[in-house]
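The values are calculated or read from the model by the stated rules, or taken from the named source; none is laboratory data. These numbers come from a predicted model, not from an experiment. All Cβ positions, glycine included, derive from the backbone under ideal geometry; neighbour counts span all protein chains shown.
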Amino acid sequence: MKRMLSIISALWEVVRPVCLLLAAATYLLCVLLILSVIFIITLPFTFYQVTKERAQREPEKRTMPPLGTLDANDFLGLSEGDIQQKFGIQSQQSGMLDHGQSLAQWLSEDGTIECWFQSEICYDCTFLQNGREIARAHRPRKRW
């Protein structure tokens, strides 16, 4: 009997850490399951709140102010990034040409603003309305 108790005691010393590890793993799985259920339950509400806040925000501006409120001379000497930062609007079209020249266009509420850049600085700005030029500012560009 004494021998049997010593065998059981030795087995228990081997099995006990395994049982503790299984208990800890089971506990962690239960905690993860509970957290997942809470996340899944609250996700639709969070999505609803974010959507509601976006709808309440002012719609993003996609066009420049009306051409009559702008002056073409104000664009001269600015870079494309400066113009975008000043009005908070990305250019609709932009392209690089030879000798460091580029062209950028912005839509306005009543027309188009077209700026020519050399070395990233605007040297020519044209306001177009229905395809017709209504205002233009120009300063000589650098010659190569």
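Taking residue 83 as the residue in question, decide whether it is out of contact with any Gly (no Cβ under 8 Å at 6 or more places or on another chain), assigned to a loop (DSSP other than H, G, I, E, B), among the hydrophobic types (A, V, I, L, M, F, W, C) and modelled with pLDDT of 80 or more.
Judged against the criteria, residue 83 is not a match.
Kindly establish whether residue 119 is more than 17 Å from residue 65 (Cβ to Cβ) and either of a type in the set (A, V, I, L, M, F, W, C) or under 29 Å from the mean Cα position of the chain (by Cα) (or both).
yes
Take residue 109 and tell me if it is under 25 Å from residue 140 (Cβ atoms), under 28 Å from the mean Cα position of the chain (by Cα), surrounded by 10 or more Cβ atoms within 10 Å (Cβ to Cβ) and free of Cβ contacts under 8 Å to residues at least 60 places away in the same chain.
no
What about residue 54, is it part of a loop (DSSP other than H, G, I, E, B) and either among the charged types (D, E, K, R) or at positive phi (or both)?
Spelling it out, it is not the case that residue 54 is part of a loop (DSSP other than H, G, I, E, B) and either among the charged types (D, E, K, R) or at positive phi (or both).
Answer with yes or no whether residue 103 is in the same structural domain as residue 120 (by TED's automatic domain parsing), part of a loop (DSSP other than H, G, I, E, B) and out of contact with any His (no Cβ under 9 Å at 6 or more places or on another chain).
It is false that residue 103 is in the same structural domain as residue 120 (by TED's automatic domain parsing), part of a loop (DSSP other than H, G, I, E, B) and out of contact with any His (no Cβ under 9 Å at 6 or more places or on another chain).
So which residues in the range 86-100 are closer than 18 Å to residue 76 by Cα and in a loop (DSSP other than H, G, I, E, B), if there are any at all?
Matches in the range 86-100: 88, 89, 90, 91.
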